[in-house]
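First up is the structure itself, then whatever we jot down about it.
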Amino acid sequence: MKINKFFLGGAFILAAVVYLIASSTQASAEYFLTVDELKEEGASAVGKSLRLSGAVVGDTIQYDPSTLTLTFEIAHVSGDNKEIEAQGGLAEVLYQAVNDPTRQRVQVVYVGPKPDLLRSEAQAIMTGKLGEDGIFYAEELLLKCPTRYEEAVPEQASNN
Amino acid sequence: MFAEFGYGVLLVSLIVAIYSGISAVYGAKNKSAAMVESARRAMLLTFPLISIAAATLIYLLVNNHYEVAFVYEVTSRSMPTYLKVTAWWGGQAGSLVFWSWLLAVFTSAVTLRKWDRDIEFLPWVILVSAVTLTFFLGMSVFFENPFTRFWLVGGNVEPSMFAPANATVFTPQDGQGLNPLLRHPGMVIHPPMLYLGFVSYVIPYAFAMAALITGRTDDRWIRITRRWSLWAWLFLSFGLVLGGRWAYDVLGWGGYWGWDPVEIAAFMPWLTGTAFLHSVMIQEKRGLLKQWNMILVILTYALVIFGTFLTRSGVLSSVHAFANSPIGPFFMGFVSLTFITSIALVIWRWPQLQAETEMKSMLSREALFLLNNLLFMSILVVCFWGVIFPLISELFTGSKVTVGPPFYERATAPLFSSLLFLMAIAPLSAWGHSTLETLGKAIWKSAAAALVVTVVLYITYTQNIGALVGFFLVALVLFATLNEFWRGARARQKTQDENFFTSLTRLMGRNRRRYGGYIIHISMALMAIGILGIEIFQKETQGTLAAGEQLDISGYTIQYRELASWNDQGAGVNYTRAIVDVYENGVYLGQLNPRIDYYFDSQQNMTIPGQRSTLRDDLYILLVDWQPVSTIGATFKIYVNPLVNWLWIGSLLFLAGVIFAAWPDQDPAEESARRTVARDNRQTSAAD
């Protein structure tokens, strides 16, 4: 009897937690896509809550301070970590992505203060929605500059 | 020369640590006190050794030895000396050495204690520490060597510890330097605080393993390590708060916590640590939950190692992968190995870890503590699920699906609310047995007062249901806990013939852990006020203003006056500072100076908000952009963050509470007398 009482209580809590996790996952899950994957999805991706990542193309950054509207393009970067490693690390992959005109690109619009870390060859990770005009409207913009703590050989090397 | 020396000392430390572990086991197996003593001294020796290696590294950092790769990566000439010193933990290789050094400090401290009664624990405590230390030193020596230098070989620069054939040392002119975003006092002490917390948890874990191995599975290990786990918890909590404050000051979005995987990695050991802190009390008082406590301390240790790996290795910088660092597999291997071994030990000792009594009443203090543990574990599961969900979804559906902050907020909000509710009622319940009636009697006044507060808030402040529920719970915790202080002091005052404040201070001084805990509960309630405020009531606006133009938000008026921009060549920074006047309902409050600093060497902006902080709200102004020669002056983004100051006030009170609880008791005789009484109480199993 006593065991049953505690057992029932525990089962109730367990069920509640499972429900919380399941429903919250369902409510806030976002598909994580690369630029290529987004292009592949095409019109079917319009309006869905998405997470998109790519390399910021520096030349395309435009900022209108009167409306706080930031626009830029991102170039496709592989989402597979092993592939990134095989190609020489994230910094190298971002560099290649930006300087390769054949890569697919997506235009991004974001309204808000211009983030300090926004620069060419930064990795942008955004949540938002794809508009019918093919522009990605970002609600949240996260930027990662490849970590300095990775094996970094000085640039002077190539000049010597 | 210095680099070789530092590396050599690290290598010797590694050998000494290995020796220490082996001789400890050998001594314990062969009942050789001399071997155990030798192991103990070897362990003590690791502290000066690693200190020397660390000092060498700091010497290299401070003196611009850019031929050393680590120095090149984390410092630059324009950095002030104190930042060069703290760059020690600014990168992965250095922070691993920092970890080892802290562990050597703590292990030395613990092996210097009086071991008379617990001498059988000693070799195993040394063994666990030595294994952990060996792992971290091994990582430094073989994979993340902070003393690696650059060599010029046939026109190419290669990093290597020792000179390749026909190579000369290559010394870059200047280092890369620390990211300006990290040059903030909060960020300078945030990692060491987290690490102090992480490393301190090795000690309770080591004693737990010693208890399992020796079979001395009573609560002795818990009593010895009680203060350790409190300090560990203090540092870990402080580290988390500093991280939040840094984000609030520096990241410029008016937030403090973003449910980033790295943040969660540091938060998870805090969750198990907090659960552990509560559940050990049940073991001490009632002899229950012994198996559970073991599992908790093992989990905490595993999460600490895991957290060290995630927070510093940068593996999560690419968002959805766990293995792009060479040391990743070793960390995962080490965590799995220690975890499996520890759990095997628990299973082996399972029968000896049976509860001494049975849990009877659903509303007894121990049952409510158990519920508290379940809630903390549930939050842990939510966090863990969120972090690994992208991996799972990719495995099963082929597409990566991630969950962001809304997931965590939604899933944890009811759990945190339940914890607040428990915080209010658990201290009022009795050990052994409580009924709805006794609990109701104890809580009804506080509940009524909290209800009055909620109604007042409904009329004057907000009609948001979530916020009102939150405020009700906060008020309930505050009233119920303050009432405990009041009740205790009054009761003592009646018998002791003292005035109220003497009674209160003496009462608290004699029951440090209990009242320290209550202070912590109050601080949690205050922090909850801040979190409710910023999460639910944050307001924002933005606009481009010409000189003299105004912007209104939540009763504040912001008037742009002027802007100046100048270079500081020495520091390598360009400052652009705006001056804005702030009025509230027409009354002039003062000036704020939001700023943008541009760092030449890293070509990066740093946005420094202008903040005006009161208990009611924070006005938080960001300078977004400016046009020096146009009539349109500057663009601002403005946040009003209601009540957020309570988050920081709560944090400070929290620190005070933990220090109060962990502070050594003045009179050891009194302490031991009290322990005897506690033990007698338990034997007669009387309700507290």
Out of (1) within 27 Å of B:TRP385 (Cα to Cα); (2) more than 9 Å from chain B (Cβ to nearest Cβ); (3) not polar (S, T, N, Q), the odd one out for A:GLU37 is which? (2)
Taking into account only those residues within segment B:334-361 that are within 12 Å of chain A (Cβ to nearest Cβ) and crowded, with 17+ Cβ neighbours inside 10 Å, which is farthest from B:LEU133 (Cα to Cα)? B:SER361
Which condition number in (1) β-branched (Val, Ile, Thr); (2) over 24 Å from B:THR338 (Cβ atoms); (3) within 14 Å of chain A (Cβ to nearest Cβ) is the one that B:VAL97 fails? (2)
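Which is surrounded by fewer than 18 Cβ atoms within 10 Å (Cβ to Cβ) and more than 9 Å from chain A (Cβ to nearest Cβ), of B:PHE376, B:PHE396?
Details: B:PHE376 fails: surrounded by fewer than 18 Cβ atoms within 10 Å (Cβ to Cβ).
Matching residue, one of B:PHE376, B:PHE396: B:PHE396.
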Scanning segment B:556-613 residue by residue, those closer than 30 Å to B:TYR72 by Cα, crowded, with 16+ Cβ neighbours inside 10 Å and among the polar types (S, T, N, Q) turn out to be B:ASN574, B:THR576, B:SER602, B:GLN604, B:ASN605, B:THR607
Pairs with Cβ under 8 Å, 6+ apart, first in segment B:431-457 and at positive phi, second of a type outside the set (A, V, I, L, M) and part of a helix (DSSP H, G or I): B:GLY432/B:ARG286; B:GLY432/B:ARG365; B:GLY432/B:GLU366
Among what's in segment A:14-34 and is modelled with pLDDT of 85 or more, crowded, with 16+ Cβ neighbours inside 10 Å and out of contact with any Lys or Arg (no Cβ under 8 Å at 6 or more places or on another chain), pick the residue that is farthest from the other protein chains (Cβ to nearest Cβ). A:THR34
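Could you identify the single residue in B:PRO191, B:PRO172 that is within 14 Å of chain A (Cβ to nearest Cβ) and assigned to a loop (DSSP other than H, G, I, E, B)?
B:PRO172
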Every residue from segment A:99-116 that is over 17 Å from A:ASP59 (Cβ atoms) and touching a helix residue (DSSP H, G or I) at 6+ places or on another chain (Cβ under 8 Å): A:ASP116
Across segment B:1-39, the tally of residues that are polar (S, T, N, Q) and touching a residue at least 24 places away in the same chain (Cβ under 8 Å) stands at 2
B:LYS637 versus (1) in a strand (DSSP E or B); (2) modelled with pLDDT of 90 or more: which is the lone unmet condition? (2)
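So for segment B:143-162 (the condition being under 22 Å from B:VAL335 (Cα atoms) and not in a loop (DSSP other than H, G, I, E, B)), does at least one residue qualify?
Yes, segment B:143-162 contains at least one residue that is under 22 Å from B:VAL335 (Cα atoms) and not in a loop (DSSP other than H, G, I, E, B).
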Conditions (1) at pLDDT 90 or above; (2) surrounded by fewer than 20 Cβ atoms within 10 Å (Cβ to Cβ) -> B:TRP270 fails only (2)
Within segment B:1-15, which residues are of a type outside the set (Phe, Trp, Tyr) and surrounded by fewer than 22 Cβ atoms within 10 Å (Cβ to Cβ)? B:MET1, B:GLU4, B:GLY8, B:VAL9, B:LEU11, B:VAL12, B:ILE15
Set B:THR132, B:THR86, B:THR107, B:THR56: member being within 26 Å of the chain's Cα centre (by Cα), modelled with pLDDT of 95 or more and β-branched (Val, Ile, Thr): B:THR132
Being charged (D, E, K, R), surrounded by 15 or more Cβ atoms within 10 Å (Cβ to Cβ) and in contact with a helix residue (DSSP H, G or I) (Cβ under 6 Å, 6 or more places away or on another chain), is that true of even one residue in segment B:25-44? yes
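Conditions (1) at pLDDT below 90; (2) among the polar types (S, T, N, Q); (3) not in a loop (DSSP other than H, G, I, E, B), marked per residue:
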site: B:THR217; (1), (2), (3): yes, yes, no
site: B:ARG226; (1), (2), (3): yes, no, yes
site: B:GLY243; (1), (2), (3): yes, no, yes
site: B:TRP257; (1), (2), (3): yes, no, no
site: B:VAL262; (1), (2), (3): yes, no, yes
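The values are calculated or read from the model by the stated rules, or taken from the named source; none is laboratory data. Because the structure is a prediction, the values reported are computed rather than measured. For neighbour counting, all protein chains shown are included, and Cβ atoms are generated from backbone atoms with ideal geometry for every residue, glycine included.
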